[in-house]
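Asks: First the structure, then my questions, so here it is.
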Amino acid sequence: MPDLFTPLQVGALTLPNRILMAPLTRCRADADHVPSAIMAEHYAQRASGGLIIAEATMAMEGNSSFWMEPGIYSDAQVKGWKAVTDAVHAKGGRIFLQIWHGGRACHPLLNGGAQPVAPSALPIVGDEVHTPEGKKPYVTPRELRDDEIPGIIAGFKKAAENAKAAGFDGVEVHGANGYLLDEFLRDGANKRTDPYGGPIENRARLLLEVTAAVCEVWGSDRVGVRISPLNSYNSMIDSDPVGLTTYVATKLSELKIAYLHLMRADFFQAQSGDVVTPARAAFKGVLITNMGYTAEEATKAIADGIVDAIAFGTSFLANPDLPARIKAGAPLNAPNPATFYSPGPVGYTDYPTMS
Ligand code: PHB
């Protein structure tokens, strides 16, 4: 029976273990969205993960949803990321880049005053975004025009090309957590009446077109996609998360992507249900799940054949040597949420390894 330490073929890559590092927004780039030297150190410290999926990174200029988040659209950003991928590879690791568009989570104060775009003019409510002028409520986005959609797809494709130039091993398309592609997927945020709105076959169109474009750059065996059909974060809801999961997983399976990365639950536990079973049934490639797994539960899910690998988020942040700790049955450092988004090395590169 496979366990967390059984090697796994993921598309073109052979992973030495199934303990993956989930993408984690940590806001340690600079104001021009250029990755910093401590980012290279941070990721290299975690190179023993089966695969690092680096944090959500702006595919295109002008759609920042986090202050100091990285981008992959300028030469300086590509150079900054090259230092990251070189550092990870020098430690024997593998690293994908997660590429995104923040959609309605973008804020004018982060984007030169520009109003964010989304499938429909519906804002995120009940939460605030961190800007250079402090915490601000989200604003109402502008509905994306049909004639702007090809530019979004082209932007993701260009980001995929840039990720290649930066030395990544592949890319993950961010279709989760209430950002642009997820806003199209879920009917609580997408009220369009054009070919990109209405039934799930239409709402999934943008994610599938973006993924196909990215596969043209990388080959499908170096592309993953992340979705979160149950997550209510960013005011997201859908009337049929299981139907959405089944349709998207079926279509991504046809594209033969390397993996589907499924967030199994809701950050806020407001929505519940089982999306893992329908994803497993519909998707023929590698299934990665994430959110709140202990090593014991992860081991059992893999042994039972429910999933192939698990992505660990905050536990990988707090434990740079997570695979070694799990193998040794050693205690884990606790993550410190106060330093998740703070600048500098504290809570970023100073979590200790086992003594
Ligand atoms: C977050 O930092 O809150 C965050 C960022 C990207 C995600 C989800 C959550 O996909």
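Asks: Need the C-alpha centroid separation for the range 152-219 versus the range 93-145, integer Å.
Replies: 16 Å
Asks: Starting from the Cα of VAL346, step 7 Å along the direction of its Cβ; do the same at ARG192; then give the gap between the two resulting points in nm.
Replies: 4.4 nm
Asks: Moving on to the next point. Direction-averaged shadow area of the convex hull around the Cα atoms of the range 1-86, nm²?
Replies: Computed as one quarter of the Cα hull surface, the answer is 6.2 nm².
Asks: Give the Cα extents of the range 273-352 along the principal axes, in whole Å, largest first.
Replies: The principal-axis extents, from largest down, are 43, 28, 21 Å.
Asks: Looking at the range 211-299 from every direction and averaging, what is the projected area of its Cα convex hull in nm²?
Replies: Mean shadow area of the hull around the Cα atoms is 6.3 nm².
Asks: Calculate, for the chain, the solvent-accessible area per residue in square angstrom, rolling a 1.4 angstrom probe over the heavy atoms of the protein chains. The partial results should precede the final answer.
Replies: Numbers: 13120 Å² over 355 residues.
With all protein chains present, the chain gives 37 Å² per residue.
Asks: Something else now. Obtain the nm distance between the two label points defined at ALA154 and ASP274 by a simple spin-label model: each point lies 7 Å from its Cα along the Cα-to-C-beta direction.
Replies: Here the answer is 4.6 nm between the modelled labels.
Asks: I'd like to compare 148-155, 45-52: which one has the highest average count of other Cβ atoms within 10 Å, and what's the full order after that?
Replies: By packing density, highest mean first, the sequence is 45-52, 148-155.
Asks: Could you tell me the calculated FRET efficiency between ASP304 and ALA330, based on Cβ-Cβ distance and R0 = 25 angstrom, to the nearest 0.05?
Replies: Plugging the Cβ-Cβ distance into 1/(1 + (r/R0)^6) gives 0.50.
Asks: Roughly how large, in nm² to one decimal, is the mean projection of the convex hull of the alpha-carbon atoms in the range 158-205?
Replies: For the range 158-205, the mean projected area of the Cα convex hull comes to 4.0 nm².
Asks: In addition: Along the principal axes of its C-alpha atoms, what lengths does the range 10-154 span, in descending order and rounded to whole Å?
Replies: Answer, in whole Å and largest first: 45, 33, 31 Å.
Asks: Expressed as a fraction of 2.2 N^0.38 Å, the rule-of-thumb size for a compact globular protein of N residues, what is the C-alpha radius of gyration of the chain?
Replies: The value comes to 0.91.
Asks: What full-extension length gain, to one decimal in nm, is calculated for SER355 and ALA281 as 0.36 nm per residue of separation minus the Cα-Cα distance?
Replies: Gain in length upon complete extension: 22.4 nm.
Asks: Have a look at the range 76-163 and give its Rg and Dmax from the Cα atoms, expressed in angstrom.
Replies: Rg and Dmax of the range 76-163, Cα atoms, are 16.5, 46 Å.
Asks: OK, next. Once you have a ≥ b ≥ c as the square roots of the Cα gyration tensor eigenvalues for the range 94-223, tell me rounded if a/c is under 1.5, and otherwise prolate or oblate according to whether a/b is larger than b/c. It would help to have the intermediate numbers written out before the result.
Replies: Numbers: a/c = 2.08, a/b = 1.28, b/c = 1.62.
In terms of gyration-tensor shape, oblate.
Asks: Using 7 Å Cα-to-Cβ label points, what is the GLU296/PHE5 separation (nm, one decimal)?
Replies: Calculated label separation equals 1.9 nm.
The values are calculated or read from the model by the stated rules, or taken from the named source; none is laboratory data. Keep in mind that what you see is a predicted model, and the values were worked out from it rather than measured. Every residue, glycine among them, receives a Cβ derived from its backbone with ideal geometry; neighbour counts consider all protein chains shown. Quick note on the areas: whole protein, heavy atoms, side chains included, nothing else; ligands and nucleic acids left out. Shrake-Rupley method; radii C 1.70, N 1.55, O 1.52, S 1.80 Å.
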